[in-house]
Amino acid sequence: MSKEIQIPVEVVSFADDGYHIFTKGKLKGRPLRLLIDTGASKTVLDKKFLGENFPHLPLEMNDMPATGAGTNTIQTEITEVSDFFLGNGKKKNSSSPLDKFPVAVMDLSHVNDTYAKIGQPPIQGVIGSDLLVHFGAVINFRKQRMKLILP
């Protein structure tokens, strides 16, 4: 039987540049700030964050460079993560842990440099459509929450 959960999201207006959607998460107990990007095909974690917190996590080279991430020259790697939760950590608002979920790994410093210039905190990852489809996500902008269906 599937379980439906609600994840709080933060919808941030960037004046004439539209909106960005953020949520919180945890990877092996470490807090994450995550950009939700429905146009990103793959979920991505920041290489620097992983290197500082999980230096022994195995990374495999990805033959295809990232596209649509502000440049097409960023090399990506792939890894599988476990103990990865979405939400604010409160039991009723947290997803089940993702077990062996494949994610891309890349340097997100160019994104965080841009956020720093406009007074936004850094992100440690991007939730892409692979994860959103996996959970059948529905984002409610007015209520600032995202519904997920746990398989």
Size of electric dipole in the chain: Cβ of Lys, Arg +1 and of Asp, Glu -1, about Cα centre, debye, nearest 20: 900 debye
Accessible area of the stretch 4-66 divided out per residue, in Å², using a probe of 1.4 angstrom: 60 Å²
Once Lys143 and Ser129 are pulled to full extension, the length gained, defined as 0.36 nm per residue separation minus their Cα-Cα distance, is 3.0 nm
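Under a Cβ-Cβ cut-off of 15 Å, what is the net charge of the residues other than Ile21 that fall near it, where Lys and Arg count +1 and Asp and Glu count -1?
Working: positive: Lys24, Arg33, Arg142, Lys143, Arg145, Lys147; negative: Glu10, Asp17, Asp37.
So the surrounding residues net to +3.
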Expressed as a fraction of 2.2 N^0.38 Å, the rule-of-thumb size for a compact globular protein of N residues, what is the C-alpha radius of gyration of the stretch 1-55? 1.39
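If you average 1/r over every pair of different alpha-carbon atoms in the chain and take one over that average, what Kirkwood value in Å do you get?
15.8 Å
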Accessible-area composition of the chain, carbon plus sulfur, in percent [1.4 Å probe]: 52 percent
Report relative contact order for the chain in percent, whole number only (criteria: Cα-Cα under 8 Å, sequence separation at least 6). 35 percent
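If you count, for each residue, the other Cβ atoms within 10 Å and average over each peptide, how do 130-141, 97-108 line up from highest to lowest?
Working: 130-141: 15.6, 97-108: 18.2.
Result, highest mean Cβ count within 10 Å first: 97-108, 130-141.
The values are calculated or read from the model by the stated rules, or taken from the named source; none is laboratory data. Here the structure is a predicted model, which means the values were calculated and not measured. Here the Cβ is made from the backbone with ideal geometry for all residues, glycine too, and neighbour counts use every protein chain on show. With ligands, DNA and RNA removed, areas are computed over all heavy atoms of the protein, side chains included. Shrake-Rupley method; radii C 1.70, N 1.55, O 1.52, S 1.80 Å.
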